[in-house]
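*Asks:* The structure that follows is given in the form of structure tokens.
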Amino acid sequence: MPSFSVRFMKIVCDDAGGEHRACQAAFRVDAASLSAAAQQAETDFCRQRRVRDWTIFADVLELRTPPA
């Protein structure tokens, strides 16, 4: 089963109006597909933060397969 690196990112602005990504959480997920990894990471994030919607804390979900 493939392993995926998942990061939940919040986009924040600095004093000059430049956008930056701040990592809110990172997970390693074993899943059969990219969509299954995203769903599992969302569930884990919500359980950990005790919320129903992960978008309260993050704007973007990044999925990557770790390098071999």
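*Asks:* Just subtract the alpha-carbon distance of residue 44 and residue 59 from 0.36 nm times their residue separation and send over the number in nm, one decimal.
*Replies:* Separation in residues times 0.36 nm, less the Cα-Cα distance, equals 3.8 nm.
*Asks:* Here's a follow-up. Find the relative contact order for the chain and round it to a whole percent, using C-alpha pairs within less than 8 Å whose residues are 6+ positions apart.
*Replies:* It comes to 44 percent, rounded to a whole number.
*Asks:* May I ask you to give the solvent-accessible area per residue for the chain, in square angstrom, as obtained with a 1.4 angstrom probe?
*Replies:* Ligands and nucleic acids excluded, the figure is 69 Å² per residue.
*Asks:* Moving to a separate point now. Ignoring any ligand, DNA or RNA, what whole percent of the accessible area of the chain comes from carbon and sulfur when the probe is 1.4 angstrom?
*Replies:* 49 percent
*Asks:* Say R0 is 22 Å: what FRET efficiency, to the nearest 0.05, do residue 11 and residue 52 get from their beta-carbon distance?
*Replies:* 0.55
*Asks:* Here's another thing I want to ask about it. Considering the values (1) 3, 17, 17, 14, 11, 9, 8, 5, 4, 4, 3, 2, 2, 1, 0; (2) 3, 16, 20, 18, 14, 8, 6, 5, 4, 3, 1, 0; (3) 4, 18, 25, 21, 15, 9, 5, 2, 0, which represents P(r) over Cα pairs in 5 Å bins from 0, in percent as calculated for the structure under consideration?
*Replies:* For P(r) over Cα pairs in 5 Å bins from 0, in percent, the calculated option is (3).
*Asks:* Here's a follow-up. Taking only DSSP H segments of four or more residues, each worth -39500 (n - 2.57), what value at 222 nm results for the chain once the sum is divided by all its residues, to the nearest 500 deg cm²/dmol?
*Replies:* -8000 deg cm²/dmol
The values are calculated or read from the model by the stated rules, or taken from the named source; none is laboratory data. Remember, predicted model here, so these are calculated numbers, not experimental data. When we count neighbours, we look across all protein chains shown, and the Cβ atoms used for this are built from the backbone with ideal geometry, even at glycine. What goes into the accessible areas is simple: the full protein's heavy atoms, side chains included, and nothing from ligands, DNA or RNA. Shrake-Rupley method; radii C 1.70, N 1.55, O 1.52, S 1.80 Å.
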